[in-house]
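For reference, the structure discussed in these notes is given below.
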Amino acid sequence: MSTLTAPQSVTDRWLTRCCLWIPLIALLMFFAVPMLSILWHSLLDDRSGALGFSNYLSLMSSPGIWRATLNSLLLGIATTLVTLVLGFVLAYGLECSQMQGKRFISMAISMPVLAPSLVLGLGLIFLLGRNGLISHGTGIRLEIYGFTGLLIANVLYALPQAVMIIRTALRQSDARQYEAATVLGAGEWRQFIDVTLPGARYGILSAAFVVFTVTITDFGNAVVIGGNFQVLATEIYSQVSGQMKFGMGAVVGILLLLPAAASIWIEKAATRRQQLIGTSAMIPHQPQPLPRRDIPLFLVSLSIALGIITVIATVVFASVIRLWPYRLNFTLKHYDIDLAGGYTPLWTSMWISLLAAVVGTAMLFLLSFGIRRLPGRQANFATLLSALPVAVPGLVLGLSYVFTFNTATLPWGMLYGSALLIALCNYYHYHTQGFTTMMTGMRSIPAAMEDATSVLGGGVPRILGDVYLPAMRITLVTVALFLFMRSMVTLSAVIFLVTPSLPLGAVSVMRLDEAGFTSQAAAFSTCIMVVVSLTALALQQLNRYAGKRTARL
């Protein structure tokens, strides 16, 4: 707590207010208002435009939507159960055992994060589809389209996030609890039941709701490998793009929003409970080698890791094969993409992602600084509003942008169809994660540094330039790289916003696959993964540098 604070000039007070108000107004305009527009348009009749509940009443007589809802719930529950089991095995092996190959397994299970979600569906089709490698080699025609394919693809897509959450929970294990259990004569299995599982229960619960949310809101895998198994994500796309029923699309969007919002709320509550378990006096548990535990864990974890690598590597491999799976000759002809605008969508994605990273990082920095300097109701409201975007599925956010900005009568309508609007949509889609990271970095700066600058006569520009920017440069670069990476691979948030003059990479992969050019879709996916992987490598090197720098301080 600061004890010595110089009085602020009028200019400094206004600059500080601008740091809070500018990003807060932007948050209201590009998140809160679009969310209200979804609710408003759900009340407008598609045929007459009259205000009422006709769309909700039509919902009662729409068996397709109810079938999609039931399919989404069934798929979400099945994916959550399978992912939790596999995720716990992987997390337990990485945190609570001395199994071999932890670094390789950890790297392998994080690979789906670096690719557009539809890449996993594409890889499964290359492997297990009607013309897949296994069907062609064995002569057995497997049916991968539909529930089975979606289940596998979603499990692989959600697994990295589940493992990360459960690993964090297991990392909170206190060695003293295990020592006490050993003294009381409890064996390994008894310690697992009485100490490990209770300690990780909130982490498992958090992972369950995150996986469920990711599954029911995923669009990429559903559109590639879903077949006739309709889910809410494809239903909202069908209502808006196929049938031009914007009001019904808004109703489906609200249906999609409700379970996602409830899941995020419960996940946040579970996370808070989990944080209460760990204490600063906790002694980390160091597992001892135990072959009868470590060897089976290693074999299971290695199998899962190799499965993920195989699916993604198959996409890369298929991109350099002349005719999959009949003529396995090496060729680069699929990289000579002359459809869907060639490589223009990739370059467009890169500079729009760069725009999202620069604008988003600057806005998050100002918002975090403003909240820190001006605590009060406005700061509390900004904090609350910043936590909400994580509960909004990308499809719903993209559709809300169509409702809000596709207008010729209001001044902000000029943004529709522009690269800036797509960049802002991507930024606000991942706003919460970036805000949390930025606030964490902001809290690590001692208030005494700011007070010393103020006492020496430095105003807000000097405090920003001499204190916050140097101290937070690693956090700023980390947030910028995160926004760039997620913006490169996201599909659901931008599917309604792309135009023929402004194509994007992830959408082009979907278009190529829909047109039957799967090998070119694989080549385009590989290019996106290379760009994102190089960015992730830069992020890893940056974190390593930050760790060494912190250790020297």
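The values are calculated or read from the model by the stated rules, or taken from the named source; none is laboratory data. Since the structure is predicted, the reported quantities are computational estimates derived from the model, not experimental observations. Virtual Cβ from ideal backbone geometry, glycine too; neighbours counted across all protein chains shown. Remember, those area values only see protein heavy atoms, side chains included, never the ligands or the DNA or RNA. Shrake-Rupley method; radii C 1.70, N 1.55, O 1.52, S 1.80 Å.
Suppose only helical runs count, i.e. DSSP H with n ≥ 4. What mean residue ellipticity at 222 nm does that imply for the chain under -39500 (n - 2.57) per run, divided by all residues and rounded to the nearest 500 deg cm²/dmol?
Working: 25 runs with 374 residues, N = 553.
The per-residue figure over the chain is -22000 deg cm²/dmol.
Using r as the Cβ-Cβ distance of LYS102 and SER501, and R0 as 60 Å, what FRET efficiency do you calculate, to the nearest 0.05? Before the final figure, lay out the partial values.
Values: r = 48 Å, r/R0 = 0.79.
Result of the calculation: an efficiency of 0.80.
Rounded if a/c is under 1.5, else prolate if a/b beats b/c, else oblate: with a ≥ b ≥ c from the C-alpha gyration tensor eigenvalues square-rooted, which is segment 31-82? Before the final figure, lay out the partial values.
Working: a/c = 4.82, a/b = 1.64, b/c = 2.95.
Oblate, since a/c reaches 1.5 and b/c is not below a/b.
Probe 1.4 Å, all protein chains in place: accessible area of GLU235 in Å², nearest 10?
20 Å²
Can you list, bin by bin at 10 Å, the percent of alpha carbon pairs in segment 92-210, starting at 0?
12, 30, 27, 18, 10, 3
Give, as ranges by residue number, the residues of segment 58-95 whose backbone N falls under 19 Å from the point 7 Å along Cα→Cβ of ILE295.
What the label zone holds, given the 19 Å backbone N cut-off, is 93-94.
Mind giving me the FRET efficiency for ARG47 and TYR545? R0 is 41 Å, r the Cβ-Cβ distance, nearest 0.05 is fine.
On the way: r = 60 Å, r/R0 = 1.46.
After rounding, the FRET efficiency stands at 0.10.
How big is the dipole moment of the chain about its Cα centre under a simple scheme where the beta carbon of each Lys and Arg is +1, that of each Asp and Glu is -1, and everything else is neutral? Debye, nearest 20, please.
Working: 34 positive and 20 negative charges, 177 e Å.
Result for the chain is approximately 860 debye, rounded to the nearest 20.
Give, in nm to one decimal, the length gained when the segment between ALA262 and ARG17 is fully stretched (0.36 nm per residue of separation minus the Cα-Cα distance). Working shown, then result.
On the way: separation 245, 0.36 × 245 = 88.20 nm, distance 3.33 nm.
Value of the extension gain: 84.9 nm.
In segment 455-553, with Lys and Arg counted as +1 and Asp and Glu as -1 at Cβ, which of these residues, SER487, SER533, ALA522, has the Cα nearest the positive end of the dipole, that is, farthest along it?
SER533
Which trypsin sites (Lys or Arg not before Pro) in segment 100-177 sit in a loop by DSSP (not H, G, I, E or B) and have at most 14 other Cβ atoms within 10 Å of their own Cβ?
Working: sites: LYS102, ARG103, ARG130, ARG141, ARG167, ARG171, ARG176; in loops: ARG130, ARG141, ARG171.
Those that pass, being in a loop and sparsely packed, are ARG130, ARG141.
Suppose R0 equals 30 Å; then what is the FRET efficiency for LEU74 and ALA313 from their Cβ-Cβ distance, rounded to the nearest 0.05? Please report the intermediate quantities before stating the final value.
Numbers: r = 30 Å, r/R0 = 1.01.
Working from the Cβ atoms, E equals 0.50.
At 0.36 nm per residue, minus the direct Cα-Cα distance, what do MET414 and TRP351 gain on full extension? Give it in nm, one decimal, please.
Numbers: separation 63, 0.36 × 63 = 22.68 nm, distance 2.02 nm.
The span from MET414 to TRP351 would gain 20.7 nm if fully extended.
If you roll a 1.4 angstrom probe over the protein chains with everything in place, what fraction of the accessible area of segment 1-91 belongs to carbon and sulfur, to the nearest %? It would help to have the intermediate numbers written out before the result.
Numbers: 3930 of 5130 Å².
For segment 1-91, the apolar C and S fraction of the accessible surface comes to 77 percent.
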